[in-house]
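Novice: Below is the structure I would like to discuss, written out as structure tokens.
The values are calculated or read from the model by the stated rules, or taken from the named source; none is laboratory data. Every value quoted in this text rests on a predicted model; they were computed, and no experiment measured them. Positions of Cβ are backbone-derived with ideal geometry, glycine not excepted, and every protein chain shown enters the neighbour counts. These accessible areas exclude ligands, DNA and RNA; they are computed on the full protein's heavy atoms, side chains included. Shrake-Rupley method; radii C 1.70, N 1.55, O 1.52, S 1.80 Å.
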Amino acid sequence: PKEAYFVDPDSIDVMVTFTKAEDNHKLISKFRTTVSSMLKFATVHINLYILGDDASIEIAHDILDEVADKHHYTMNPLNIDELVKKVHDTISELQSFFSYKPGAYYSDSLFFLSIVAHKVLPDLSRVIMLDCDLKFNSDIRELFHFFEVFFETNIIGIAHDAQPVYRHNWHMYRNQNKGTRVGDPPPDGLAGFNSGVMLLNLDKMRESDVYNSLINADVIKQLTEKYMFKGHLGDQDFYSLIALEHEDLFYVLPCSWNRQLCTWWRDHGYSDVFDLYFKCEEHINIYHGNCDSPIPKL
Ligand code: UDP
Ligand code: MN
């Protein structure tokens, strides 16, 4: 029955990347804020997957014990090295297009893992994937509901990047293609994405011939040449680029579910258009302290 599809799930799958945390007190503190605020507002059981090395997973365990009641979550450690090993061949050939560094560093593969999450998380069908520099101000169950309003072709839910970073990266293409939507601000532009909060429909990612055909160095090479693009922001560069030709793979999340706070580009040549990208006049559901930005006390 159709209604059954909209019934709340008993539990939801959420994955947080938390690695290289040992002795990184700033990262540990950010993680604490992310998970404690998430669990505080949550009204659904959370299967929490922590993607990290063994030492970081230990730290995550302690923090979770400290901040939350066991009824609210189940913690599932995922060893990042094992996961990366499985998909390194696939990822490493894409990495060079979205990194300033010459080689495809093994340690950087973690920033590309979401692209192939459907290949390494076989038991899951839909997962929310999160950075650990967030602060929730709403119930994550409401975020999970966006899976239900995906259009047929949508496989990933993701919010726009809140700065003109892709306008900058695509400036050559924009100069040669006046009137293009490439790099224009929301709501009508192809502004590029921020990968700090993502809804991955892993079943649809597995099924999508279009999506899987894009996980290919030759295809990506062609796209980077066409749009004269050299990225350095990992997975979000990949999604932002493929969306230029396959917009319908993505469900654009409201800015309030990934309210990025970084304002670096405002002071680096883009003050005139900055607010077109940055403004978010909604009740904020998730703050994202990207580029190390402080999150306001709520
Ligand atoms: N991350 C991590 N360990 C690190 C660096 C990054 O676990 O040493 C993860 C963490 O989940 C972090 C995400 O990678 O939130 C992306 O990095 P960051 O949030 O610093 O990037 P930004 O949002 O500022 O672009
Ligand atoms: Mn972040």
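Novice: Which is farthest toward the positive dipole end of the chain among TYR211, LEU276, GLN260, measuring Cα position about the Cα centre, with Cβ charges +1 (Lys, Arg) and -1 (Asp, Glu)?
Specialist: The listed residue farthest towards the positive side: LEU276.
Novice: Using only Cα atoms, what Kirkwood radius does segment 210-257 have, in angstroms?
Specialist: Details: mean 1/r = 0.0861 Å⁻¹.
Evaluated on segment 210-257, it is 11.6 Å.
Novice: To the nearest 10 Å², what's TRP264's accessible area with a 1.4 Å probe?
Specialist: The accessible area of TRP264 comes to roughly 130 Å².
Novice: Select from segment 74-145 those chymotrypsin sites (Phe, Trp or Tyr not before Pro) which occupy a DSSP coil region and have at most 15 other Cβ atoms within 10 Å, ordered by residue number.
Specialist: Working: sites: PHE97, PHE98, TYR100, TYR105, TYR106, PHE111, PHE112, PHE136, PHE144; in loops: TYR100, TYR105.
Answer in residue order: TYR100, TYR105.
Novice: Which value in deg cm²/dmol, rounded to the nearest 500, describes the helix-derived mean residue ellipticity at 222 nm for the chain, given -39,500 (n - 2.57) per DSSP H run of n ≥ 4 and division by the residue count?
Specialist: Values: 12 runs with 103 residues, N = 298.
The helix contribution divided over the chain gives -9500 deg cm²/dmol.
Novice: Kindly rank 198-204, 76-82 from highest to lowest mean number of other beta carbons found within 10 Å of each residue.
Specialist: On the way: 198-204: 20.9, 76-82: 15.7.
Packing order, densest peptide first, comes out as 198-204, 76-82.
Novice: Taking a ≥ b ≥ c as the square roots of the eigenvalues of the Cα gyration tensor of segment 84-156, is the shape rounded (a/c under 1.5), prolate (a/b larger than b/c) or oblate?
Specialist: Details: a/c = 2.34, a/b = 1.74, b/c = 1.35.
It is prolate, given that a/c is not under 1.5 and a/b is the larger ratio.
Novice: Check each of the trypsin sites (Lys or Arg not before Pro) in segment 149-179 and keep only those in coil by DSSP with at most 13 other C-beta atoms within 10 angstrom; list them in order. Intermediate values should be presented prior to the final figure.
Specialist: Numbers: sites: ARG167, ARG174, LYS178; in loops: LYS178.
When the trypsin sites (Lys or Arg not before Pro) of segment 149-179 are filtered for loop state and at most 13 Cβ neighbours within 10 Å, LYS178 remain.
Novice: Take the Cα atoms of segment 1-71, find their three principal axes, and give me the spread along each one in whole Å, biggest first.
Specialist: 51, 20, 17
Novice: Which three extents, in angstrom, do the Cα atoms of segment 185-234 have along their principal axes, listed largest first?
Specialist: Result for segment 185-234: principal-axis Cα extents of 31, 29, 21 Å.
Novice: Roll a 1.4 Å probe over the protein heavy atoms and report the accessible area of LYS279 in Å², nearest 10.
Specialist: Around 110 Å² of this residue is reachable by solvent.
Novice: For segment 65-193, restrict the atom set to alpha-carbon positions and state the Rg and Dmax in Å.
Specialist: Calculated on Cα positions, Rg and Dmax stand at 18.2, 57 Å.
Novice: Enter the angle in degrees (range 0 to 90, nearest 10) between the Cα long axis of helix 217-226 and the first principal axis of the Cα atoms of the chain, meaning the one along which they spread out most.
Specialist: 50
Novice: With all distinct Cα pairs included, what does the Kirkwood hydrodynamic radius of segment 136-237 come out to in Å, to one decimal, could you say?
Specialist: Values: mean 1/r = 0.0649 Å⁻¹.
So the Kirkwood estimate lands at 15.4 Å.
Novice: Compute the Kirkwood hydrodynamic radius of the chain, taking the inverse of the mean of 1/r over all pairs of distinct Cα atoms, and give it in Å to one decimal. If you can, show how the numbers build up before the last one.
Specialist: Numbers: mean 1/r = 0.0508 Å⁻¹.
Radius from the Kirkwood sum: 19.7 Å.
Novice: Charges only on Cβ, +1 for Lys and Arg, -1 for Asp and Glu: so what's the dipole of the chain about the Cα centre, in debye to the nearest 20?
Specialist: The dipole of the chain has a size of about 720 debye.
Novice: So what is the relative contact order of the chain, in percent, for Cα pairs below 8 Å that sit 6 or more residues apart?
Specialist: Numbers: 514 pairs, mean separation 62.3, N = 298.
Once normalised by length, the contact order is 21 percent.
Novice: In degrees between 0 and 90, to the nearest 10, how far off the longest principal axis of the chain does helix 54-67 point, with axes built from Cα atoms?
Specialist: 60
Novice: Let me ask something else about it. Taking the 0 to 90 degree range and rounding to the nearest ten, how far is the long axis of helix 80-95 tilted relative to the main principal axis of the chain, both from C-alpha atoms?
Specialist: The answer is roughly 10 degrees.
Novice: Still on this structure, please answer the following. Of LEU83, TYR49, VAL35, which is farthest towards the positive pole of segment 1-102's charge dipole, taken about the Cα centre with +1 and -1 on the beta-carbons of Lys, Arg and Asp, Glu respectively?
Specialist: So the residue furthest toward the plus end is VAL35.
Novice: Now a separate question. Most mobile of LYS30, LYS119, LYS101 per a Gaussian network model of the chain (Cα springs, under 10 Å)?
Specialist: LYS101
Novice: Return a whole-number percent for the relative contact order of segment 22-162, with Cα pairs under 8 Å and 6 or more residues apart as the contact set. Walk me through the intermediate numbers first.
Specialist: Numbers: 129 pairs, mean separation 47.0, N = 141.
It rounds to 33 percent for segment 22-162.
Novice: Take every DSSP beta bridge whose two residues both sit in the chain, then give the antiparallel share in percent to the nearest 5.
Specialist: Values: 13 of 37 bridges.
Of all bridge pairs located within the chain, approximately 35 percent are antiparallel.
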